[in-house]
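**Q** One structure follows; several queries about it will come next.
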Amino acid sequence: MNKEDAIRLVDQLLSQSGRSLSDVEKAILAGAWDGEKYEQIVKQTPYSLAHIRQVGKKLWDVLSETMGQSVTKWNFHHVLEKKLSPVPVFGDCVPNVPRFYGRGKELADLEAAVDRNQCVVLVGPPGIGKTALTAKLLNSLSAHEWNCVIWKSAYPVPPLDSLLEELLGFLSESANPDLDSGKSENKESRSSEPTTNVVSKNSITRLIDRLQARRCLVILDSAESMRGHQEYQPFLRQVVGASHRSCFLLTSEEPFESLERWRLGGLAAQTLILKDLDHESAKRILRDKGLTDEQSWQQLIEKYGGNPLILELVANGVKDLFGGHVKEVLAYVTTFYTDLIEELLNRQFNKFQDLEKQVMACLAQAKKPLTFAELLKDLTKEGISSSDLVQTLDYLDKRSLIQIVRSDDQLTVYQLNSIVRKHTLNRLESEAANLPPVV
């Protein structure tokens, strides 16, 4: 592919969103394809260097959004070549992601993690965008580097023997894409046979052999329930300990504690924590929802946090009940709280032990953000030590349930956003009234 073909391809991609390349954008792409700097590109155009830089910045932002990964003048050539060489995908249907906001750094971090590890767990609370980010990752993979992708939902958790047979079948299919229908039927009939609860060592050995022969990314989506199945821990440990360049990528609402031990032991394993959207990306959600009073958006985001799904639910409510006027909501509604938001938060709160409940209650009832010393003082009567508090704050931070900020006098303080505070207080009221919280 030459640069003229590349420019035509970009024009086709942008036409899907109703726009086309301008002459100055074409000049920038042509120069970027040849590895030129802006100072070199500007000599071939009638435009100023400042104008070239300004248009270039906007162009790379648009292309990053369109292609679902970070695009710059330095990686444009490489990214476009990968776009033309998609990796074959087997297994379940990859979820469609019609809207994707920000996450350029997170996407780059995830791509680097699966490239250098044999097992990666992407952790984050419900609605934070783990599945969407993983789906976008597939746009970044090149058939020159990966032989295949297998996408499987891990909810409900399948017996390990069943999963192994499925993975072996997909890997065989990826190695022989022209399998005739008779072989497909045989594979289907084998998968319908009853399996034992005893994990077949032979199946694991065969799977690792296939992972050595072909570089494959195995994605297990919604894998948090696997943590409670004992058969999966030794299986993942064998996968991580074997010699191959394939990778298992798990999305989970909860960290896999064993993974950190394996990493510290020198194995190729990594946990990535997905947190709230940055404020600019969060504002794009509000803009796409048609909200008004843009000068008040920052306050709305600070109030509700940067969970994309929760922000969309809040924005829908503002649009439906207040005509999209953010100022009215901030003036009259203390906290916009829906049944679905309550359900999302309950999925996290229902897993709390006493320590997490006590820390969340203390933060929710506080009149201001609390320092570590203030938290510890309030909780000492509950028998919580400083080491207990450190572990609990780490647990809550990894699940995006607390905010850690610097106060005006440069002290680290801990607080809850408005919606988490309201949910915590609601549960405390239910418990005080001896009423079970909604699950």
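The values are calculated or read from the model by the stated rules, or taken from the named source; none is laboratory data. Note that the structure is predicted; figures quoted are calculated from it, not measured. With ideal geometry, Cβ positions are generated from the backbone for all residues, glycine too; neighbour counts draw on all protein chains shown.
**Q** With respect to residue 397, determine if the residue is within 18 Å of residue 128 (Cα to Cα) and free of Cβ contacts under 8 Å to residues at least 12 places away in the same chain. Spell out how you get there, then give the answer.
**A** Details: within 18 Å of residue 128 (Cα to Cα): yes; free of Cβ contacts under 8 Å to residues at least 12 places away in the same chain: yes.
So residue 397 passes the test.
**Q** Please pick out the residue among 288, 276 that is within 20 Å of the chain's Cα centre (by Cα) and within 23 Å of residue 62 (Cα to Cα). Talk me through it step by step, then tell me what you get.
**A** On the way: 288 fails: within 20 Å of the chain's Cα centre (by Cα).
Result of the check over 288, 276: 276.
**Q** Restricting attention to region 97-122, which residues are farther than 29 Å from residue 233 by Cβ and touching a residue at least 24 places away in the same chain (Cβ under 8 Å)? Don't jump to the end; show me each part of the working.
**A** The first filter runs over region 97-122 and keeps only residues farther than 29 Å from residue 233 by Cβ, leaving 97-105, 108.
If the condition is that a residue be farther than 29 Å from residue 233 by Cβ and touching a residue at least 24 places away in the same chain (Cβ under 8 Å), then 97, 99, 100, 101, 102, 103, 104, 105, 108 are the ones that fit.
**Q** If we scan region 80-95, do we find a residue that is assigned to a loop (DSSP other than H, G, I, E, B), free of Cβ contacts under 8 Å to residues at least 40 places away in the same chain and not aliphatic (A, V, I, L, M)?
**A** From region 80-95, those assigned to a loop (DSSP other than H, G, I, E, B) are 84-88, 92-95; that's our starting set.
Keeping just the survivors that are free of Cβ contacts under 8 Å to residues at least 40 places away in the same chain gives none.
Within region 80-95 (the criterion being assigned to a loop (DSSP other than H, G, I, E, B), free of Cβ contacts under 8 Å to residues at least 40 places away in the same chain and not aliphatic (A, V, I, L, M)), the answer is no, since none of the residues qualifies.
**Q** Also: Is it true that some residue in region 57-65 is over 24 Å from residue 5 (Cβ atoms) and assigned to a helix (DSSP H, G or I)?
**A** Let us first name the residues in region 57-65 that are over 24 Å from residue 5 (Cβ atoms), namely 57.
Add one more test, that the residue is assigned to a helix (DSSP H, G or I), and what stays is 57.
Taking every residue of region 57-65 in turn, at least one turns out to be over 24 Å from residue 5 (Cβ atoms) and assigned to a helix (DSSP H, G or I).
**Q** So if I check each of 207, 220, which one is within 20 Å of residue 112 (Cα to Cα), in contact with a Leu (Cβ under 8 Å, 6 or more places away or on another chain) and surrounded by 22 or more Cβ atoms within 10 Å (Cβ to Cβ)?
**A** Numbers: 207 fails: within 20 Å of residue 112 (Cα to Cα).
Result: 220 is the single residue among 207, 220 that is within 20 Å of residue 112 (Cα to Cα), in contact with a Leu (Cβ under 8 Å, 6 or more places away or on another chain) and surrounded by 22 or more Cβ atoms within 10 Å (Cβ to Cβ).
**Q** Now a separate question. Which one of these is on the phi > 0 side of the Ramachandran plot, within 19 Å of the chain's Cα centre (by Cα) and not assigned by TED's automatic domain parsing to the domain that holds residue 139: 102, 68, 35?
**A** On the way: 102 fails: not assigned by TED's automatic domain parsing to the domain that holds residue 139; 35 fails: within 19 Å of the chain's Cα centre (by Cα).
Result: 68 is the single residue among 102, 68, 35 that is on the phi > 0 side of the Ramachandran plot, within 19 Å of the chain's Cα centre (by Cα) and not assigned by TED's automatic domain parsing to the domain that holds residue 139.
**Q** Hey, residue 421 hits all of (1) touching a residue at least 12 places away in the same chain (Cβ under 8 Å); (2) in the same structural domain as residue 292 (by TED's automatic domain parsing) but one; which does it fall short on?
**A** Looking at each condition in turn, residue 421 falls short on (2).
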